[in-house]
Structure formats: structure tokens, C-alpha cells
Amino acid sequence: MSVQTMSLIQKYNVPGPRYTSYPTVPYWEDQPFALEQWKQTLKRSFLASNQTEGISLYIHLPFCESLCTFCGCHKRVTKRHEVEQPYIQAVLKEWDLYCELLEQKPVIKEIHLGGGTPTFFSIQHLTQLLQEILSKAEIAAEHEFSFEGHPNNTTKEHLQGLYELGFRRVSYGVQDYNDTVQKAIHRIQPYENVKQVTEWAREIGYSSISHDLVFGLPFQTLQDVLHTIGQTHTLMPDRLALYSYAHVPWVKGNGQRGFKDADVPKDDIKRQCYEEGKKKLLAQGYHEIGMDHFALESDSMYQSFKDGSLHRNFMGYTASKTQVMIGLGISSISDSWYSFAQNVKTIEEYYACLEQNEIPVLKGHILTSEDLIIRQHILNLMCGFATSWADKSMQFAGIDEVLDQLEEMSQDQLIQINDSSVMILEKGKPFVRNICMAFDLRLKRKIPENQIFSMTI
């Protein structure tokens, strides 16, 4: 790695959001947010977009049989599978409340099962959940249903049953194949397990198989990352993510206190893992998509990146956009485009709200007109590496302040600034989060006293 690159990493490696939303969750204004306001913005967006583009559903299935110490998701660790049925009934009750609120039958374009570990649930229970959800909706012609599968407990029955319900994309959490790293993050899964579930999915007919890899994990070396990518190449998933490990040990309950800060690779090593890993992936025929993602030309994510329809929301990158995303289950976040709403974070609170026939929202944010414009700029940068304010509808009062902050990045040759647009250069792609932060007026108006975000590099 060159001295200049090292200097840029040292300069720009600061805490920053990953921008699955704008404003980011810590900057939501809970007041004067109210559940009724959320309902009204949701109905407004739903009626405007349901028939033309449909809606997305994210379903959070929080149970895991063991704790992976690299994970920052909301989950409940248990080996008691009798918890499955009560939770499914609760999710179905929440869906019923949303269906009663909406004045048309929902047209479902996307479903994503996340967790936790969705494949903790039996295929019988997942089938019950999905059949009842779909019985109250229509399925869009061009739909995409996906789920996160754990290589150790995803069965052929899981894959076959979900395929029959319309699922065509599965994502497997691989992380790293090194034994020492796997022990540190408490995620022991041999290559043979990943190979088996990948081959099953192909045999059944899944059109998009994804592997999630992580760099910057405790005890991980550059050779570990390259070895994992080499093993991944033998299975040739259609797309993959090469995520930066977000070390946030201050977040309650995420298990990251199971190893020391000194065990985590330093900034220069971590960035080298990404750069060398990226070179290897590009040589294997993958294309870099947005931030941290790679896809073969045959995959829908690559096609959406090329034609400008790539979208980013709380599910990460998606190959198509819907104005409405409803999140079901604990901690799920819903998006009506004009507002966000997050559910309560514990199972006990979730059940209690539903027993009172209440949509279990904990907090939210109604976007201002400025928020909506900045949100679009950040989406443009995250999905297409460029944005423009030539159109009057994309102009906002703080644009001069943004340009002042971008000037230094222009001098560092990370971006090219034109009369009314910004384009991220190849050299600047690793710093896309920093570039988006220049547009984040809420972050600039209130710098957090304590670290709340992971480092950008």
C-alpha cells in the first residue's frame, strides 16, 4: 500500500454512519413523532405507490442457537424451539394490524427474512408464516424474495420449501474460513457446510446465491482474507458482500467484549485486506457495486447498478426500489419515504404491544423537506457514486457548506466537483461514507460527544 494511500486512511478513518437511511437512527427526532403520524405517512405513500411498484417486507426472526461475537443485530440466544410458534403468531398479528390500516390489498414486490437466524425456524413454521402473509396480499410480477441462511442449519427442506413459496435468492453468512478467527467470533462452520448449502440452492434452482464475507475480524490476517476469497471462488456465488467488521463493543449485548481491541487488525492492515481482496474478486469476474458489494454480470444487482435502479435501505442494497417498506418483528424498521418507524427491541415488549392491538413502534422520525433532499443525494452517492443539484428540486440551503467540506476531498482526488454535481473517482470509492458525511447536515450540527458509529475504513 502506497504512502499516499496510508496517509488518506489515517486522515479519513473517523467514526461515521453506513447510511442505510438519512437521517441516521441516532439523529431521528422522536418529538413530535407519534404513532398516528407514522400511520398517516404510511397510508399516503402506500396509496400513491402500491399499484405501481408494490411494497417491500422485512421480517426480523431474532432467534439464534449461539451468539456470534462479531454481530451487532438484535437477537435472542436460545436452543428452545418452542419459541417459534408464539413469535410467528405475533408477527402475523402485526401484519394483520397493518393490513387493517391500509385501504388496498398490498402488492408485495420484495420479502427479506433477516435475523437472528431465520433458519432457526423449521420450514413448517416458515411456510405457515409466509402463506398467511401472502394470503392477504398480491405478489408483484417482478418480485424478489430472499432470506439469510446459516450454513450450519439450512436444510435442503428449507431451500425447497422457500423456493416453492417464490424465493429465488439466498445469502449465506461465511465471514472467514480460518479456524482461529472462527473461534474468536464463535462461528464455527467448515467450508464443506457452505459448499453443501450452496450446491443445494443451485440444484433447486435459486437464481442468486450470495456469500457474506467480513474483513477486519479479530486475529484475521491478509492471508486469511485472500484464502477465504479463494475458497469462495470455487463455489462462485452470483454476488457477495465484503463487509468491514464494525467494532462497536460499547453497544449493549452484541458480544464484542469477548476479545480485546488489540486483537482487531489495525487500520492499515484492515484496508489492505479490502484492497487486495477487491483485486482478487475483480480478477474472478466480479464487479464492484456500491459500497462493499460485488456481483457477476448475470446477477440482478449488477443489472440494477448499470441501469441506475439500484437502491439502498435498511435491508442494505436492493435491486429495485419501493417507496414503502414495512418491517415486521422486534427492532424492525419501516420506511414510508416520508418517515421512519422502529419497533420495540425486546420480545416481551413486542408481545405486550400486540396484545393491546397496537402496532409495536418504539420511535421514529418524520422527514423534513431538507431531509428528503439530502436523503436523495446520499442515496445517489451510495448507489451510483455521483449526485447532482442542477434540478431545483435537489437544491437546499446548506449546499455551500457541503461544497466547502468537499473541497479538501477534491484536492485529495477522491471526487470531481463540477458546476452542480459531484462524482466519486475510483480513488474515492473506499471513502464513500466520508463523502456522504459532507452532505449530512444533522451530523455537522450536532457532533456526538461519545463514539456511536463504527470507523469508516
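General remarks:
- Residues in the range 354-380 that are out of contact with any strand residue (DSSP E or B) (no Cβ under 9 Å at 6 or more places or on another chain) and free of Cβ contacts under 8 Å to residues at least 24 places away in the same chain were compared, and the one that is nearest to Ile399 (Cα to Cα) is Ile373.
- Note on the range 216-242: residues that are out of contact with any Gly (no Cβ under 9 Å at 6 or more places or on another chain), open to solvent by less than 10 Å² (accessible area, probe 1.4 Å) and among the hydroxyl-bearing types (Ser, Thr, Tyr) amount to 1.
- Some residue of the range 414-424 being under 16 Å from Met382 (Cβ atoms) and of a type in the set (Asp, Glu): no
- Checking every residue in the range 134-145 against the condition of being in a helix (DSSP H, G or I), within 22 Å of the chain's Cα centre (by Cα) and without any contact (Cβ under 8 Å) to a residue 40 or more places away in the chain gives zero matches.
- Selection status of Ile330, of a type in the set (Val, Ile, Thr) and surrounded by fewer than 20 Cβ atoms within 10 Å (Cβ to Cβ): no
- Selection status of Asp299, open to solvent by 30 Å² or more (accessible area, probe 1.4 Å) and either at pLDDT 95 or above or acidic (Asp, Glu) (or both): no
- Residues of the range 358-411 that are at pLDDT below 95, open to solvent by less than 60 Å² (accessible area, probe 1.4 Å) and among the charged types (D, E, K, R): Lys363 alone.
- Residue match in the range 426-446 (condition: open to solvent by less than 20 Å² (accessible area, probe 1.4 Å) and of a type in the set (Gly, Ala, Ser)): yes
- Here the range 155-176 is the region considered, the condition is being in a helix (DSSP H, G or I) and open to solvent by 30 Å² or more (accessible area, probe 1.4 Å), and the residue that is nearest to Ser208 (Cα to Cα) is Tyr163.
The values are calculated or read from the model by the stated rules, or taken from the named source; none is laboratory data. Remember, predicted model here, so these are calculated numbers, not experimental data. Glycine also receives a Cβ, built like all others from the backbone with ideal geometry; neighbour counts cover every protein chain displayed. Please note that ligands, DNA and RNA were not included when accessible areas were found on the heavy atoms of the full protein model with its side chains. Shrake-Rupley method; radii C 1.70, N 1.55, O 1.52, S 1.80 Å.
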